[in-house]
Amino acid sequence: MSTRLSNVPPDPDPLLVEIADYVYDFQIASDEAFDTARYCLMDTLGCGILALSYPACVKMLGPIVPGAVLENGARVPGTNFALEPVNAAFNIGCAIRWLDFNDTWLAAEWGHPSDNLGAILAVADFLSRQGASLKMRDVLTAMIKAHEIQGVLALENSFNRVGLDHVLLVRVASTAVATALLGGTREQIVNAISNAWIDGGALRTYRHAPNTGSRKSWAAGDATGRAVWHALMALRGEMGYPGAISTPTWGFSDALFRRQLISLGRPLGSYVMEHVLFKIAFPAEFHAQTAVEAAIGLHPQVRARLDEIERVEITTHESAIRIIDKTGPLNNPADRDHCLQYMTAIGLIFGKLTADHYEDEVAANPLIDMLREKMVVRENPQYSDDYLDPKKRSIANAVQVFFRDGSATERVEVNYPIGHRRRRAEGIPLLVKKFEENLATRFSPDAVERITRVCYDHSRLEAMPVSQFVDLFVCD
């Protein structure tokens, strides 16, 4: 006996409505959020500028078809490209994420909320060049909201546990704020977000052994470009799908999320921007940040005794073991910056870690694999609990080195990386230094001064038209 299906469209999923209402008219009142967003803007653009020193990143940039530039198109910082906003979002997002050096959010799901700047800046700059009166205050507001959507969705929903990559949330958050920036109505924002969910999620294949590869460096750019496409389609009047998440069998939850409900872990406000984690000291997958800091701290004690080491003990948390505990050959930079043992070895050997340490020339140093083979990785259940505790959100690691003669270094434990909110006072001066050093890889001293003079003056930055700000970053 057949059962007839109702063809009456449902009301929009509450999650779609809540996100749309938030981006449409929620007023951000937190001075801390705006101040942190300014530092986030600086840091994120600086990471993209630094990535332009690496040919593997540069080859991904520019028009998808050679010569397909757009007069008065959105500009890509650090280049002379003027592109339509979908591809501009990909370009900006790709550069931002390439070196794994921009901010991070760790919860049930993790990710990098500043990835959304690819969509935000491309759309805002494009509109500004078409005559819209958008100011950098609007960009900072969109950043806060995108951070919030991505981060709050991540609090209780673990998409990586079902094999979906966290850039799913970049696509959802970027779609919402891009549609709002374009002047979309509530209904158009709901429609656009519904299509972002219907896209499903990229598989995490490219982030994990034995397939780790460079797609993880452009996946967020892909998500932001797709988000701008959805936003533009919604503004054309393209329909949405109100049951995109909840429809039995065919909705996102049933089809891709093992029939789990998707919920917001807290009301949407400005919590995520206020608590975001900056990568300040070195470009390392965030679960390894404190391990690298501990290893660098031990460098003076071990640098003259590397050939005497019997074993290296790394005590860590469950997420680090699941994601970056890796043995065997490491085939490319993307493989190496997702290996806890590799990053720890670099810290012990060199006393520092830069993006260059992931390149083939450094990786050929036999000391690195010698140390990797002597490493023992163990979980500390308390570290794992503190990682998930919303009052702590620690990312703890400890490192200790043992020598063949029976002696050992101290056990160095670091609970919170320098980019954590608990270390803001210590971290911000170093973040500013990182920004200036990154700019100097691409711009003249005079250009660096012009950029920093604007960025360090909060009121002036907020009042500046978006296109004027972006023009500070244009290179011939």
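Every number in this text was worked out from the coordinates using simple rules, so none of it is lab data. The shown structure was predicted, so the numbers you read here are calculated from the model rather than taken from an experiment. For neighbour counting, all protein chains shown are included, and Cβ atoms are generated from backbone atoms with ideal geometry for every residue, glycine included.
Just rank 258, 204, fewest to most, by other beta-carbon atoms within 10 angstrom.
Lowest to highest Cβ neighbour count: 258, 204.
Report the gain in length on full extension from residue 318 to residue 18: 0.36 nm times residue separation, minus Cα-Cα distance, nm rounded to one decimal.
Values: separation 300, 0.36 × 300 = 108.00 nm, distance 3.26 nm.
Here the answer is 104.7 nm.
Considering the values (i) 22.5, 80; (ii) 31.4, 113; (iii) 41.0, 123, which represents Rg and Dmax of the Cα atoms in Å as calculated for the structure under consideration?
Checked against the structure: label (i).
Note the direction-averaged projected area, equal to a quarter of the hull surface, for the Cα convex hull of region 55-194, in nm².
9.2
Whole percent per 10 Å bin, from 0 to the bin with the longest distance: what is P(r) over all C-alpha pairs of region 277-363?
Answer for region 277-363: a P(r) of 17, 52, 29, 1 percent.
Students often forget the sequence filter, so: which lysines lie under 21 Å Cα-Cα from residue 392 once same-chain residues fewer than 8 apart are removed?
279
Could you tell me the ratio Rg/Rh of region 131-181? Both radii from Cα atoms, Rh via Kirkwood.
Radius of gyration over Kirkwood radius for region 131-181 works out to 1.10.
When the distances between all Cα atoms of region 224-311 are binned every 10 Å from zero, what whole-number percent does each bin get?
All Cα pairs considered, the percentages come to 12, 17, 27, 18, 13, 10, 3.
Starting from the Cα of residue 161, step 7 Å along the direction of its Cβ; do the same at residue 376; then give the gap between the two resulting points in nm.
Rounded to a tenth, the inter-label distance reads 3.1 nm.
Given the C-alpha centroids of region 11-75 and region 232-261, what is the distance between them in whole angstrom?
Rounded to whole Å, the Cα centres lie 24 Å apart.
Divide by every residue of the chain the summed helix terms, -39500 (n - 2.57) for each DSSP H run of at least 4, and state the resulting mean residue ellipticity at 222 nm, rounded to the nearest 500 deg cm²/dmol.
Helix-only estimate at 222 nm: -15000 deg cm²/dmol.
If I fit a long axis through the Cα atoms of helix 215-235 and take the longest principal axis of the Cα atoms of the chain, what angle between them do I get, 0 to 90°, rounded to 10?
Roughly 10 degrees between the two axes.
Quote the relative contact order of the chain in percent (integer), defining contacts as alpha-carbon pairs under 8 Å separated by 6+ residues.
20
For residue 367, put the label point 7 Å out on the Cα→Cβ axis and report which residues of region 282-306 keep their amide N under 16 Å from it.
So the set is 295-306.
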